[in-house]
Amino acid sequence: MLEALLVGSSYVTAHTEAKQQPEGALLCGRYELKEVLGKGGMATVHRGWDRQLQRAVAIKLLSDPEHAERFFTEAKRTAKLHHSSVISIFDTGKDGTSCFIVMELLEGETLERRLAREGALPIGEVARIGARICEGLSAAHELGIVHRDIKPANILLITNEAGVPDLKVLDFGVAKQIDSSTLETDPGVLVGTLITMSPEQIRGEPLDGRSDLYSLGMTLYRAACGSWPFKQETAAGLLFAHISVKPNPLPGGDGRPEFSRLSRLLERLLAKERSERPIDAKAVRAALLAIFEAERPASIAEATTVEAPPVPNLAQGAPSQVPMELAAEEPAPSKFTTALEVDPGAQATKPQTLFHPGMLKADERSTRAPGLLASVPQGLAKRLAAYPALLLLVLVVLFRVSTWVLVGLGLMALFGLAAYVRGSRER
Ligand code: ADP
Ligand code: MG
């Protein structure tokens, strides 16, 4: 069965040795290649210089020209996206066999590197990073673009122009191809890629934005506790786990409410069925922002004791200092209606929200205007009905009492009975 899964899957990273380009090489007579900034599964990224516009850039060089089509598809998709948490594309080109993308140059480190150095991050920081990734994902999903490879290595942590810690989502929209030789030869690279892959991606099904939400769940789980929810070391074990093993709840937290909230959110993001995940990135962002707000003082305290990199303004400042994009009013989660470019048929089947229907019921109850009888407490209503009726019976049987006493007790019993019946119906 696993073999069938592997064959059926079409989204596993093809890893080839990145071709070294000489520093100082000039591409298309315009872009100078400088030192290597990083390597991924399919490309090497260099610092570069654009001679025409006289500015520093990043140049992503494809390792294997066979993947040129997919490489340029990535560029085209990302170029459509204009969002402050998504890498900007400036140009693409081909010089001989060298295919390249010219991008904005970013100074920072990947989330993967930060996690390797620091292990788990404070909950407030995890929520801030997650909320920001959700903003980029929202913008992408609205354009019908599914990232397909959200993982710590594709999140670049930077400091933005305002001096505020921020991030950029890299590496958009590449449908990576499975290569059976890769499965055997490079387990390290595979684990780094497969560990965030959604069950529907593994099954080779059409994807929608909720596939990215699963990968985001994996990424945030790792950021919150320093390790992955699945410990399987082989590709087959990992693929099987994604499809049928329920991840353990987030370890640690000492029962802190915000930790439990994050754990419950991650549980939903990591649901095997996409219909059980939150409806979209906006809903996840709203949930993460609520955790971030609640954790704000703790984030500051933890960041101070571990001497982490500068604490984000988001975590330090008053609400008025929160950057516009994160401070903006959160629209109520709505049905996922985006027609995704890559998978036009894939739509949400069962809209889900992060709100419990029970909450709404409680609100309705509290806003309904109480009538005279409804305002009588149920315990008192019961007694008003039962005691006079009992007394009435005893008086009639044993003694001769005045008609007025009998009428009074009768009315009390009726009033109590009515109040009790009304109260029971409202419940
Ligand atoms: P791949 O598609 O091969 O995974 P990525 O786009 O993820 O390639 O880039 C690989 C690495 O290069 C990243 O992890 C990051 O360290 C670095 N990198 C990518 N883009 C930039 C950029 N615009 N500026 C600086 N470094 C970058
Ligand atoms: Mg990458």
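The values are calculated or read from the model by the stated rules, or taken from the named source; none is laboratory data. Because the structure is a prediction, the values reported are computed rather than measured. We place every Cβ from the backbone using ideal geometry, glycine too, and count neighbours over all the protein chains shown.
Taking every residue in region 34-50 that is without any contact (Cβ under 8 Å) to a residue 12 or more places away in the chain and near ligand 1 (Cβ under 7 Å from one of its atoms) and pairing it with any residue that is acidic (Asp, Glu) and part of a strand (DSSP E or B), at least 6 positions away or on another chain, yields no pair with a Cβ-Cβ distance below 8 Å.
With Ser85, Ser98 as the choices, which residue is in contact with a helix residue (DSSP H, G or I) (Cβ under 6 Å, 6 or more places away or on another chain) and either more than 23 Å from Glu23 (Cα to Cα) or touching a residue at least 24 places away in the same chain (Cβ under 8 Å) (or both)? On inspection, the qualifying residue turns out to be Ser85. Just to be sure before I move on: is Glu135 over 22 Å from Glu276 (Cβ atoms), at pLDDT below 95, more than 14 Å from ligand 1 (Cβ to nearest atom) and in a helix (DSSP H, G or I) in the structure I sent? No; evaluated as a whole, the condition is false for this residue.
Would you pick out the residues in region 125-169 that are hydroxyl-bearing (Ser, Thr, Tyr) and more than 14 Å from the chain's Cα centre (by Cα)? Show your work before the answer.
Narrowing region 125-169 to residues hydroxyl-bearing (Ser, Thr, Tyr): 138, 159.
Scanning region 125-169 gives a single hit, Thr159.
Please tell me if Ala56 is within 20 Å of Leu37 (Cα to Cα), surrounded by fewer than 18 Cβ atoms within 10 Å (Cβ to Cβ), within 16 Å of ligand 2 (Cβ to nearest atom) and aliphatic (A, V, I, L, M). If you could, list the steps in order and put the result at the bottom.
Details: within 20 Å of Leu37 (Cα to Cα): yes; surrounded by fewer than 18 Cβ atoms within 10 Å (Cβ to Cβ): yes; within 16 Å of ligand 2 (Cβ to nearest atom): no; aliphatic (A, V, I, L, M): yes.
Spelling it out, it is not the case that Ala56 is within 20 Å of Leu37 (Cα to Cα), surrounded by fewer than 18 Cβ atoms within 10 Å (Cβ to Cβ), within 16 Å of ligand 2 (Cβ to nearest atom) and aliphatic (A, V, I, L, M).
Going by the structure shown, is Thr73 surrounded by fewer than 22 Cβ atoms within 10 Å (Cβ to Cβ) and either within 9 Å of ligand 1 (Cβ to nearest atom) or over 23 Å from Ile202 (Cα atoms) (or both)? Answer is no for this residue. Here is the figure for region 156-215: residues that are within 16 Å of ligand 2 (Cβ to nearest atom), hydrophobic (A, V, I, L, M, F, W, C), modelled with pLDDT under 85 and not in a helix (DSSP H, G or I) total 3.
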